[in-house]
Amino acid sequence: MKELYQEKILTDIGGNLSFRSIEDPKKYFWITPSGMKKDLVEPEHLIKMTMDGEEVDSDSELSPSVEWPIHLRIYQEDDDFQFVVHSHAPLATAFSILAEPPKIPPLTAELGFLVPEIIIVPYQQSGSTELGDAVAELLWDSQTLILENHGVVAVSEDSFQNAAIKTRALEEYLQLYLNIKKFGEKIRPFPGFD
Ligand SMILES: [Zn+2]
């Protein structure tokens, strides 16, 4: 988490993380708290929630991130989803605000593998169940999704690092696209992908 904060992918107010409970992965997940600066969050600040969206220790002074419905709906969608990174990564967030986002082709082998397609989740209010539903619906197309006028969600089945890598890859992909556009208009898509 601190790494992502230093990279400015997580900001003071933007972004949150969660993962399934190791002991009881089908019943619980842990999520970062609301309103705490991201570089100050320690393991003891994490909030445990049930797969019905209830806080386990409701006496805690901290409350879960307001974006918890996104995380909950991802875990409800499939038992294999283990880790979720939601961020307001700068380039992806800027891209999410475009009225007519360009269709970007695969650019290199690695990025084409990590970000096969840019998929944008239609706008729903932050923190709403509707946003969680909209994310869950599109996870079958990509496990890295841009949220319209908002940010990014990346999901991993095996490690927190992989969810972070997917988020970084999307930023890298958009940065590369911006750089290419400075050189010229026409792009030759990476040939290994359709
Ligand atoms: Zn957000």
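With within 16 Å of the ligand (Cβ to nearest atom), within 12 Å of the chain's Cα centre (by Cα) and within 15 Å of Ala94 (Cα to Cα) as the only criterion, which of Val155, Val121, Val135 stands out?
Numbers: Val155 fails: within 15 Å of Ala94 (Cα to Cα); Val135 fails: within 15 Å of Ala94 (Cα to Cα).
Step by step, each of Val155, Val121, Val135 is checked, and only Val121 is within 16 Å of the ligand (Cβ to nearest atom), within 12 Å of the chain's Cα centre (by Cα) and within 15 Å of Ala94 (Cα to Cα).
Do you know which of the residues in region 18-48 that are in contact with a helix residue (DSSP H, G or I) (Cβ under 7 Å, 6 or more places away or on another chain) and of a type outside the set (Val, Ile, Thr) is surrounded by the fewest Cβ atoms within 10 Å (Cβ to Cβ)? Even if it seems obvious, please write down each step before you answer.
So in region 18-48, the residues in contact with a helix residue (DSSP H, G or I) (Cβ under 7 Å, 6 or more places away or on another chain) come out as 18-20, 29, 31, 33, 36, 38-39.
Add one more test, that the residue is of a type outside the set (Val, Ile, Thr), and what stays is 18-20, 29, 33, 36, 38-39.
On the way: Ser18: 27, Phe19: 21, Arg20: 20, Phe29: 27, Pro33: 17, Met36: 15, Lys38: 21, Asp39: 12.
The qualifying residue surrounded by the fewest Cβ atoms within 10 Å (Cβ to Cβ) is Asp39.
Looking at region 2-38, which of its residues are more than 13 Å from the ligand (Cβ to nearest atom), farther than 18 Å from Gln161 by Cβ and of a type in the set (Asp, Glu)?
If the condition is that a residue be more than 13 Å from the ligand (Cβ to nearest atom), farther than 18 Å from Gln161 by Cβ and of a type in the set (Asp, Glu), then Glu23, Asp24 are the ones that fit.
Name every residue in region 167-194 that is part of a helix (DSSP H, G or I), touching a residue at least 60 places away in the same chain (Cβ under 8 Å) and surrounded by 14 or more Cβ atoms within 10 Å (Cβ to Cβ), in order of residue number.
Scanning region 167-194 gives Thr167, Arg168, Leu170, Glu171, Glu172, Tyr173, Leu174, Leu176, Tyr177, Ile180.
Scan region 116-158 residue by residue and report those that are surrounded by fewer than 16 Cβ atoms within 10 Å (Cβ to Cβ), in a loop (DSSP other than H, G, I, E, B) and touching a residue at least 24 places away in the same chain (Cβ under 8 Å).
Pro116, Glu117, Pro122, Tyr123, Ser126, Gly127, Ser128, Asp141, Asn149, Glu157, Asp158
Taking helices (runs of 4 or more DSSP H) that do not extend beyond region 1-115, which have at least 2 residues that are touching a residue at least 60 places away in the same chain (Cβ under 8 Å) and not small (Gly, Ala, Ser)? Explain how you work it out, then say what you get.
Working: elements: 2-6, 68-77, 90-96, 109-114.
The helices (runs of 4 or more DSSP H) meeting that bar are 2-6, 68-77, 90-96.
Evaluate region 60-72: report whether one residue or more is away from the ligand (no atom under 16 Å from the Cβ) and farther than 27 Å from Glu7 by Cβ. Show your work before the answer.
Applying the first criterion (away from the ligand (no atom under 16 Å from the Cβ)) to region 60-72 yields 60-62.
Of the ones still in play, those that are also farther than 27 Å from Glu7 by Cβ are 60-61.
Looking for residues that are away from the ligand (no atom under 16 Å from the Cβ) and farther than 27 Å from Glu7 by Cβ, one finds at least one in region 60-72, hence yes.
Among the numbered conditions (1) in contact with a Phe, Trp or Tyr (Cβ under 8 Å, 6 or more places away or on another chain); (2) away from the ligand (no atom under 16 Å from the Cβ), tell me where Ile146 comes up short.
The single condition Ile146 does not satisfy is (2).
Given the conditions (1) closer than 25 Å to Tyr28 by Cβ; (2) in contact with a strand residue (DSSP E or B) (Cβ under 7 Å, 6 or more places away or on another chain), which single one is not true for Asp80?
So the condition that Asp80 fails would be (2).
Bear in mind that the values in this text are calculations on the coordinates, not laboratory data. Keep in mind the model is a prediction, meaning the values are calculated, not measured. Cβ atoms come from the backbone with ideal geometry, glycine included; neighbour counts cover every protein chain shown.
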